[in-house]
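**Q** Shown below is the structure under consideration.
The values are calculated or read from the model by the stated rules, or taken from the named source; none is laboratory data. Predicted model only: the values in this text are computed from it and were never measured. Cβ sites come from the backbone with ideal geometry, for glycine too, and all protein chains shown count toward neighbours. Only protein heavy atoms, including side chains, enter the accessible area calculation; ligands, DNA and RNA are left aside. Shrake-Rupley method; radii C 1.70, N 1.55, O 1.52, S 1.80 Å.
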Amino acid sequence: MGRSTLGSFGTDFHSRHWLSLDPCGLLCLAFSYTLHLFALVASAFTLIPHHLLAQLLYGILYVPLSILAVWSLFMASTTNPGAVPLGARPIPASLASESDSVQTERDVQRGGLRRRRGIRRCRKCNDNYKPGRAHHDSVTGRCVVKMDHYCPWVGNAVGIMNHKFFILFILYTFLTACVSLSLILIRVIRCQYYVPEGATGSANSAMEQYHCSSNHTTVIFILSIITVLFFFFTFCMLLEQTEAISTNMSKIARMKTRAGMVSHPNEYAPVTNEFNEVFGGTHPSLSWHWLVPLRVKFPEWALDNIMGYEWDETFSPVPYQEPAETDADSTSAGGSVRSGMSSLGGRLSEGGGGGGGGGAGMEGDREGVHGLGGMDVETGNTSLMIDQEPLEQELLPEEERENLVSSKSGDSNVKKRSSTASIT
């Protein structure tokens, strides 16, 4: 669906309250709430009446776990998962390495594509800066830091800021399923559903006979199916998420690392091991705040490094533009361009002494300058025509610049003499 907004709610860059408005996600989210509410009410009316143990399990365990599950679901669906805001900037520590990467972008003015050195950008997010550990989510339409996946059951992308709530949601749903199975088992034993119909001793009193009547059989059957399905589903999900907790890496990051789709082995590695990046806090060991669906907090000194960008409300709401000296298309790209031009100038000066053949070689090498130093490489109907000679002469050392000028002069004289001879 992409970025959308409804009043102050949405996933747009300017939405005040985060909420994915994807119809499928909203439908699945409503279904998640409905299942928990149905299980809570159905258990109260069919599983616990006139049985002390069932009532204790329901009041002490099931109700608190259901509240925690619904609370976690609400936080997972309404919390910004870590979307990169418009105008975010690279942190200074990574600006140099970011600017040294090669990016492919569309040239709107000339048409076609071009490759340039510069920071990572997301074309789908209006060319906004894209941190190294961020991935674009097509449903919410935003780049999300440490995105794990999009979960329709919570109606939101799962990223660094709501991954904790997603894990707590499936954990407490799994625990409620365990308690619900226990209540169903108590009901089966009390009502002796395993005893053939017509046998004596199916209930001890008229009240129990009423609660064990067939009027509740359909509801209990539906509740049993839902409980068993979600028991196995959440159990498998928890097993998968244990790896995310232990490695501090999202599912996408783990898949890319295993497939070798990384520029270096530590591209998606955790920033630090001093705390857990899923649950936050100040130390990596289990703490009480891990089990409570409160907002994730990271140490102030590590926040920018974890998110991969810096941003505050004073930044302009436009895509960040790196300084001119970090753009490899500019003449200040660094020593690699300068040294490349210098060696090329030497080859040109040597080729100038070879007469007409040298001139042709010089022209061929001059065309090669177009691909050096991070210059644009375009494809399409429009080709980029730039005179590189002033740039060559500016970058070459003074001695080689004189050799280049003299070689050009010698080449020009050869051409003049050959023209004169042909006229004669």
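Yes/no matrix, rows are residues, columns are (1) open to solvent by less than 70 Å² (accessible area, probe 1.4 Å); (2) under 17 Å from residue 164 (Cα atoms); (3) part of a loop (DSSP other than H, G, I, E, B):
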position	(1), (2), (3)
249	yes, yes, yes
252	yes, yes, no
256	yes, no, no
262	yes, no, yes
269	yes, no, yes
274	no, no, yes
278	yes, yes, yes
282	no, yes, yes
286	no, yes, yes
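**Q** Could you list, in sequence order, the residues of segment 1-37 that are charged (D, E, K, R) and open to solvent by 40 Å² or more (accessible area, probe 1.4 Å)?
**A** So in segment 1-37, the residues charged (D, E, K, R) come out as 3, 12, 16, 22.
Within segment 1-37, 3, 12, 16 meet the criteria.
**Q** Does residue 244 satisfy the criteria of being at pLDDT 65 or above, of a type in the set (A, V, I, L, M) and within 30 Å of residue 145 (Cα to Cα)?
**A** Values: at pLDDT 65 or above: yes; of a type in the set (A, V, I, L, M): yes; within 30 Å of residue 145 (Cα to Cα): yes.
Taking the combined requirement at face value, the residue satisfies it.
**Q** Could you list, in sequence order, the residues of segment 288-301 that are more than 19 Å from residue 74 (Cα to Cα) and open to solvent by less than 30 Å² (accessible area, probe 1.4 Å)? Steps first, answer last, please.
**A** Quick first cut of segment 288-301, residues more than 19 Å from residue 74 (Cα to Cα) only: 288, 298-301.
Result: 298, 299.
**Q** Something else now. From the list 81, 64, which one is part of a loop (DSSP other than H, G, I, E, B) and at pLDDT 60 or above?
**A** Numbers: 64 fails: part of a loop (DSSP other than H, G, I, E, B).
Testing whether each residue is part of a loop (DSSP other than H, G, I, E, B) and at pLDDT 60 or above leaves just 81.
**Q** What pairs can you find where one residue is in segment 264-282 and in contact (Cβ under 8 Å) with a residue 40 or more places away in the chain, the other is aliphatic (A, V, I, L, M) and open to solvent by 30 Å² or more (accessible area, probe 1.4 Å), and their Cβ atoms are less than 6 Å apart, with a gap of 6+ or different chains?
**A** 268/249; 278/245
**Q** Confirm whether residue 29 is part of a helix (DSSP H, G or I) and either aromatic (Phe, Trp, Tyr) or out of contact with any strand residue (DSSP E or B) (no Cβ under 9 Å at 6 or more places or on another chain) (or both). Before the answer, list the steps.
**A** On the way: part of a helix (DSSP H, G or I): yes; either aromatic (Phe, Trp, Tyr) or out of contact with any strand residue (DSSP E or B) (no Cβ under 9 Å at 6 or more places or on another chain) (or both): no.
Here the answer is no, as residue 29 does not meet what is asked.
**Q** List the residue pairs whose Cβ atoms are under 8 Å apart, where the first residue sits in segment 228-253 and is of a type in the set (Phe, Trp, Tyr), the second is open to solvent by 40 Å² or more (accessible area, probe 1.4 Å), and the two are 6 or more positions apart or on different chains.
**A** Partner pairs satisfying both residue conditions: 231/178; 231/181.
**Q** Across segment 132-174, what is the total count of residues that are open to solvent by less than 30 Å² (accessible area, probe 1.4 Å) and assigned to a strand (DSSP E or B)?
**A** Selection size over segment 132-174: 11.
**Q** Checking residue 69 against (1) modelled with pLDDT under 85; (2) more than 23 Å from the chain's Cα centre (by Cα), only one condition comes out false. Which one?
**A** Condition not satisfied by residue 69: (1).
**Q** Which condition breaks for residue 97 when tested against (1) of a type in the set (Ser, Thr, Tyr); (2) modelled with pLDDT of 95 or more; (3) farther than 30 Å from residue 65 by Cβ?
**A** It is condition (2) that residue 97 fails.
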